[in-house]
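In what follows, a single structure is set out as structure tokens and then discussed.
The values are calculated or read from the model by the stated rules, or taken from the named source; none is laboratory data. Predicted model, so just to flag it, every value in this text is computed and none were measured. Counting neighbours? That spans all protein chains shown, and the Cβs are built from the backbone with ideal geometry, glycine included. In case anyone asks, the SASA skips ligands and DNA or RNA and just uses the protein heavy atoms, side chains included. Shrake-Rupley method; radii C 1.70, N 1.55, O 1.52, S 1.80 Å.
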Amino acid sequence: MKDLCHTTSMKQKSQMRSFSIATWNINSIRFRLPLILQFLQIKKPDILCLQETKCPNAYFPTNFLNNAGYKYITFSGQKSYNGVAILGKLPFSTISKPDLCDKNDCRYITVTVNIGRKIHIHNFYIPAGGDEADPESNPQFAYKLEFLQKMKNIFNQNSYSSILTGDLNIAPLENDVWSHKKMLKTISHTLIETNSLKEIQIQGGWIDLIRNKIPEPKKIFTWWSYRSKNWKKSNRGRRIDHIWGSLDLVPYLNDIEIMQETRNWDKTSDHVPILANFTFT
């Protein structure tokens, strides 16, 4: 009986599959390629979703990333602005690059991977929205609200395993910003933005995986402005980078890592990477 239990336990362990996915607004992939390679060497995620790559497709550094073990890469980029990419150790069975608002500005890319179950991965770079939270006088903010509306239209309740990552440029909860009261009229934390994001989350049946593991009232930030001479001391951050998952994936989520230490790396991004680690049976 003991041998049978041992054999069953060994079989169960052999059927377990770990899976990790990371997201990072890299703020220029060519300029910060050494940092990406350093991160990949340290954490070795199965999938890395990047935003704000600022790189035309012809100049994407595919060879360097292939040599780092990421044989499967898809990207959508342009010069100087925006751009998204997904790097994988696993092959992509589907790839799509929807243009939600017909602006050809490279803000959304989606793939499917198979790890014994199919997982659909969505990588977004939502418009920042400019400085004035008035869609009438600020076309950038109007565009951000339009983009959010388009996102509402593409997600119904997920009937399949899905992960949504990216720089969503919205800090939805009170403790996702350094001061809720002072930032209520600041773009990224206005009610119209946070309510829109909640509607997308509810409509798609998404679970905020970061807050699933690190609930409020714990303050969590993923971005600190370059304007601060000492970002860590002032700590006026925002949680604008996200990893969401469909409900069926939540039981398999082991942990979430927010790599604040990368904010101290030389010539780094103003965003830090987030990793979600799963174990599937």
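For region 86-100, which residues satisfy the criterion of being open to solvent by less than 40 Å² (accessible area, probe 1.4 Å) and touching a helix residue (DSSP H, G or I) at 6+ places or on another chain (Cβ under 9 Å)?
Passing the criteria: Leu87, Leu100.
Would you check which residues across region 53-79 are loosely packed, with under 14 Cβ neighbours inside 10 Å and out of contact with any Pro (no Cβ under 6 Å at 6 or more places or on another chain) and list them?
Ala58, Tyr59, Asn63, Asn66, Asn67, Gly69
Count, please, the residues in region 146-160 that happen to be out of contact with any Gly (no Cβ under 8 Å at 6 or more places or on another chain) and open to solvent by less than 50 Å² (accessible area, probe 1.4 Å).
Residues flagged as out of contact with any Gly (no Cβ under 8 Å at 6 or more places or on another chain) and open to solvent by less than 50 Å² (accessible area, probe 1.4 Å) within region 146-160 amount to 4.
Among residues belonging to region 230-245 that are small (Gly, Ala, Ser) and not in a strand (DSSP E or B), point out the one that is nearest to Asn114 (Cα to Cα). Step through it out loud before you land on a result.
Just the residues of region 230-245 that are small (Gly, Ala, Ser), to begin with: 234, 237, 245.
Among the residues that remain, those that are also not in a strand (DSSP E or B) are: 234, 237.
On the way: Ser234: 43, Gly237: 35 Å.
Restricting to residues being small (Gly, Ala, Ser) and not in a strand (DSSP E or B), the top hit is Gly237.
Of Arg227, Arg211, which residue is free of Cβ contacts under 8 Å to residues at least 60 places away in the same chain, among the charged types (D, E, K, R) and assigned to a helix (DSSP H, G or I)?
Arg211
Say whether the condition of being over 25 Å from Gln260 (Cα atoms), out of contact with any helix residue (DSSP H, G or I) (no Cβ under 8 Å at 6 or more places or on another chain) and of a type in the set (S, T, N, Q) is met by at least one residue in region 169-180.
No, region 169-180 has no match at all.
Would you confirm whether any residue within region 166-178 is closer than 17 Å to Trp206 by Cβ and part of a helix (DSSP H, G or I)?
Yes, that holds for at least one residue.
Residues of region 132-165 being outside any helix (DSSP H, G or I), more than 24 Å from Ile21 (Cβ to Cβ) and either hydrophobic (A, V, I, L, M, F, W, C) or in contact with a Phe, Trp or Tyr (Cβ under 8 Å, 6 or more places away or on another chain) (or both), which ones? Walk me through how you get there before you give the answer.
Initially, region 132-165 is screened for residues outside any helix (DSSP H, G or I), giving 132-138, 155-165.
The next check asks that each one be more than 24 Å from Ile21 (Cβ to Cβ); those that pass are 132-138.
Answer for region 132-165, where residues must be outside any helix (DSSP H, G or I), more than 24 Å from Ile21 (Cβ to Cβ) and either hydrophobic (A, V, I, L, M, F, W, C) or in contact with a Phe, Trp or Tyr (Cβ under 8 Å, 6 or more places away or on another chain) (or both): Glu132, Ala133, Asp134, Pro135.
Scan region 187-229 for residues that are in contact with a Pro (Cβ under 7 Å, 6 or more places away or on another chain) and open to solvent by 80 Å² or more (accessible area, probe 1.4 Å) and report the count.
Residues that pass the stated criteria total 1.
Can you say whether Thr279 is of a type in the set (S, T, N, Q), modelled with pLDDT of 95 or more, within 14 Å of Ile26 (Cβ to Cβ) and more than 17 Å from the chain's Cα centre (by Cα), as far as the supplied structure shows?
Here the answer is no, as Thr279 does not meet what is asked.
Look at region 242-252 and say how many of its residues are touching a Gly at 6+ places or on another chain (Cβ under 8 Å) and more than 10 Å from Ile210 (Cα to Cα).
2
Residues Asp266, Asp248, Asp255: which one is part of a helix (DSSP H, G or I) and closer than 30 Å to Lys44 by Cβ?
Asp248
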